[in-house]
Amino acid sequence: MSWEIERRFLVRVEGAMWHERPGGRRLRQWYVRSEDPSVRIRVGEERGPVLASKRGSGVRRQEFEVVVTPEIADALFHAAGTRIIEKVRWEAGRWEVDLFMGSLEGLALMEIELEHERDVLPEPPKGIAILREVTDDKRFTSSSLAECPDRDRRELVSALNAEVG
């Protein structure tokens, strides 16, 4: 197990440029366990299905990741029930930009992994406006988003759009 130092931001994506930008990876994540520690499977990465467990909250969390076979991923998919999120992720320098799909469409988050908690952040990618940091807001963790019923997801996105509208 290792430490992950990561900051997350609620962002607004300017225009349709990111939807048309090449290089985005469609990721599907399902959560076998959403509580602390969370346990999830992600498919869509070049290295294959990844089983991950995260413990803690905030900027610094314990993380364990291992690539698993498609058969293991499929078996865990059935254990996740409805705790699934889908997104398209683009890498932009050190930043990762996530545009969510399905009932979370309209939600855009950006994250960055750091070496140290107090590292200076690079400029955001062109076409991205940072609205606010959500690192300490548990509503914006992938495991919490996966736990929300579709109706609550749509209400969250509507409220955010009205807030920044």
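Sort out which residues of segment 145-165 are in a helix (DSSP H, G or I) and surrounded by 15 or more Cβ atoms within 10 Å (Cβ to Cβ), and write them in order of number.
Correct list: LEU145, ALA146, GLU147, ARG153, ARG154, LEU156, VAL157, LEU160.
Output the number of the condition that LYS87 fails; it satisfies all remaining conditions of (1) of a type outside the set (A, V, I, L, M, F, W, C); (2) touching a residue at least 40 places away in the same chain (Cβ under 8 Å); (3) within 18 Å of THR135 (Cβ to Cβ); (4) part of a loop (DSSP other than H, G, I, E, B).
It is condition (4) that LYS87 fails.
So how many residues does segment 118-131 have that are surrounded by 12 or more Cβ atoms within 10 Å (Cβ to Cβ) and either farther than 26 Å from ILE84 by Cβ or at pLDDT below 90 (or both)?
7
With respect to VAL66, determine if the residue is within 23 Å of GLU133 (Cα to Cα), of a type in the set (Val, Ile, Thr) and either in contact with a helix residue (DSSP H, G or I) (Cβ under 6 Å, 6 or more places away or on another chain) or in a strand (DSSP E or B) (or both).
no
Conditions tested, residue by residue: (1) surrounded by 14 or more Cβ atoms within 10 Å (Cβ to Cβ); (2) farther than 27 Å from LYS126 by Cβ; (3) charged (D, E, K, R); (4) out of contact with any Lys or Arg (no Cβ under 6 Å at 6 or more places or on another chain).
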| site | (1), (2), (3), (4) |
| --- | --- |
| PRO22 | no, no, no, yes |
| GLU35 | no, yes, yes, yes |
| GLU45 | no, no, yes, yes |
| PRO49 | yes, yes, no, yes |
| PRO70 | no, yes, no, yes |
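The values are calculated or read from the model by the stated rules, or taken from the named source; none is laboratory data. Bear in mind that the values here come from a model prediction, so they are computed numbers and not experimental data. For neighbour counting, all protein chains shown are included, and Cβ atoms are generated from backbone atoms with ideal geometry for every residue, glycine included.
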